[in-house]
Amino acid sequence: TNGMVIPDPYDSRTEPSDDGSCGGGGPAQSTSSDGDTLNPGTFCNGLTIQHSNVVMESGVYVLYNGDFKVNAGASVTSNGGVTIFLTGSASNQVGTVNFGGTADVDLDAPTVAEASAAGCSDCSGILMWQDDLAPDSMGNNGTLNGGINMDLDGVIYFPNGNINITGGAAGNPGGSCT
């Protein structure tokens with residue numbers, strides 16, 4: 001509070017776009033078994049990690065009209081850098097992030113080379129990015145619940161929201177939050 005206001009250092013970056021494949025409804029996509037490997041692309045109505053040893057391959061994951069959830073007891077790692085971009089068809093459809101208690105999450109943002117190879121050079125260094133279309137409201141906040149073991153290497157950029165870390169969520173002791 002009462003701190004100096006600084007300009008948004010990410011405001012000039014171009015957001016990733018969805019591939020236009022999410023015209024209809026349908027359920028959120030989720031992992032189907034332990035050891036699943038996910039490939040980057042557009043995920044209609046969100047993405048839920050509900051199993052163990054799930055691997056996200058390097059690239060940009062556009063979650064359209066839904067949340068990124070890692071359920072309690074699930075585990076996910078990245079094989080190279082990933083950007084998870086939350087967007088939607090309207091401001092009230094932009095998703096958020098929710099990690100359940102006892103989840104194990106180890107994700108890295110893309111390097112300059114990985115972001116360029118994925119076709120989103122502005123994604124470099126950004127792990128999770130919520131579309132600025134999202135309203136400035138409490139319903140827009142991400143939640144990392146108690147008991148999570150997480151190692152998140154990269155920026156979590158929610159220009160109009162917050163990330164709430166609750167009840168004993170543990171991070172990499174060598175990491176930092178800004």
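Per the Kirkwood formula applied to alpha carbons, the range 62-155 shows a radius of gyration over Rh ratio, Rg over Rh, of 0.98.
Roughly speaking, to the nearest percent, how much of the chain's 1.4 Å accessible area is carbon and sulfur? It would help to have the intermediate numbers written out before the result.
Values: 3940 of 8640 Å².
On the chain, the fraction of accessible area on carbon and sulfur atoms equals 46 percent.
Farthest toward the positive end of the dipole of the range 86-143, out of I126, N98, T111, is the Cα of N98, where the dipole comes from beta carbon charges about the Cα centre.
Projected onto its three principal axes, the C-alpha set of the range 1-97 covers 47, 30, 24 Å, listed from the longest axis down.
About its Cα centre, the chain has a charge dipole of approximately 300 debye under the convention of +1 per Lys or Arg Cβ and -1 per Asp or Glu Cβ, with nothing else charged. The slack in the chain from S116 to S33, taken as 0.36 nm per residue of separation less the alpha-carbon distance, amounts to 26.8 nm. Under the classification rounded if a/c is under 1.5, otherwise prolate if a/b is larger than b/c and oblate if not, where does the chain fall, given a ≥ b ≥ c as square roots of the Cα gyration tensor eigenvalues? Verdict is rounded for the chain.
The values are calculated or read from the model by the stated rules, or taken from the named source; none is laboratory data. Since the structure is predicted, the reported quantities are computational estimates derived from the model, not experimental observations. All Cβ positions, even for glycine, are placed from backbone atoms using ideal geometry, and neighbour counts span all protein chains on display. Just so you know, the surface numbers come from the protein's heavy atoms only, side chains and all, with ligands and any DNA or RNA stripped out. Shrake-Rupley method; radii C 1.70, N 1.55, O 1.52, S 1.80 Å.
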